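First comes the structure, then the notes that go with it.
Throughout, read-outs are computed from the coordinates displayed, never taken from laboratory work. Please read these numbers as outputs of a predicted model, since none were measured by experiment. FYI the Cβ positions are ideal-geometry reconstructions off the backbone, even for glycines, and counts take in every protein chain you see.
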């Protein structure tokens, strides 16, 4: 039995603008090539359910002598492996066979799984659950404002959540984020900037759906800190970054949102502003995926001007432009979000707190929350995600912890559910240390 060559005949199709992306035969060939290399390596077995499922299916055939590797993996096997991928990107970070590492194999397992879902969605249609989860901004807009109280009561009702689970496919056990009575955009429009805002320049705060409608305290803290540093904070009529659409294979929905956001951002970028993003998932999407899905110069220009919020502050710290804080934080448990690690920028939030808050002792927890966008919210995945998140739970549970911090709002929800602890964003912790909150 012959195995696929380890080197692809041409670079794999990772962009939907490549006609090969939608070619099912090309996709199958790339899946089998990748699966064979992963089978021979097996380094990523502990990252998510995709790899144990893949290796079990390969071993099923190898152990009885029917196969030498992954050549008999079938369509049902592929679907199961793809469904168990929650797009944490950690396998790509660790993989020695990627383009980033200069490897001739040119593997990109997360993008390949996203491609499989997109091709399957094009063939079979996008599920109702994925359509619902693909619109976090719309959900926040409809459920917030004067309806926030009623929406939050429904979200907290176990009985009503059981009913909605049957309809939407969203787990009744997953702790949905609260919706805010006053959205962040409304707060920002009403607010008068500080007298020194703008002396250091302008930044565009891409607050994200969760920041705008669920946890406005995070972008509010960002405004306070950035103005404290002399920056004028600009808000735009942003929409969702598009990552939730891609989770369900909805490439068209994601592309529409990318274009809408770039239209709002490009003039500010050309005027010299930096875009800062407090949510690592959205930041990763903007930096690494937008230009892959929309191959236009404006998109690449916006991506190049985008920074994770704490990355931006860490750059200021390195340039000696970030003042020390006087407040105390104590022993800080810092959860390193997967999509922050996928940006390959280290842990800027941890570095800022360690070096700018004199008393802060920061302990880093490098364990996945297994939510990663919309995957962990689904009823079919909730228990699996919860099991994978137990290492994070144990890390948070370690004694002598005064404060838990994570850049990821979905990880904060998991920590609240599993540990009964409120996790702050590092910008909130820094604002507290500066005495701004």
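Laid out as a table, the results:
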item	result
Compactness index (Cα Rg / 2.2 N^0.38 Å), segment 323-433	1.06
Dimensions in Å of the chain - Rg and Dmax from alpha carbons	22.0, 75
Angle in degrees between helix 409-419 and the longest Cα principal axis of the chain, rounded to the nearest 10	90 degrees
Fraction of antiparallel bridges per DSSP, segment 323-433 only, in percent to nearest 5	0 percent
Whole-number percent relative contact order across segment 204-355, with pairs defined as alpha carbons under 8 Å at least 6 apart	21 percent
Relative contact order (%) - the chain, alpha-carbon pairs under 8 angstrom, separation at least six	14 percent
Using alpha-carbon coordinates, inclination of helix 251-270 to the longest axis of the chain, degrees	40 degrees
Zero-based 5 Å bins, Cα pair distances in segment 171-309, whole percents	2, 10, 19, 22, 20, 14, 8, 3, 1, 0
Taking 86, 290 and counting other C-beta atoms within 10 Å, the order from fewest to most	290, 86
From the C-alpha gyration tensor of segment 256-312, square roots of 5λ in Å	16, 14, 9
The chain: calculated mean residue ellipticity at 222 nm from DSSP helix runs of at least 4, using -39500 (n - 2.57)	-14000 deg cm²/dmol
Euclidean distance of C-alpha centroids, segment 317-389 and segment 165-238, integer Å	19 Å
Principal axis dimensions, largest first and in whole angstrom, of segment 19-124 by Cα	37, 33, 24
Crossing angle, helix 50-62 versus the chain [Cα axis fit, 0-90 degrees, rounded to tens]	10 degrees
Within the chain, percent of DSSP bridges classed antiparallel, to nearest 5	5 percent
Kirkwood Rh (inverse of mean 1/r, distinct Cα pairs), segment 258-375, angstrom	15.6 Å
Label-point separation in nm, residue 200 to residue 266, each point 7 Å along Cα→Cβ	3.0 nm
Theoretical FRET efficiency, 1/(1+(r/R0)^6), r = Cβ-Cβ of residue 298 and residue 122, R0 30 Å, to 0.05	0.70
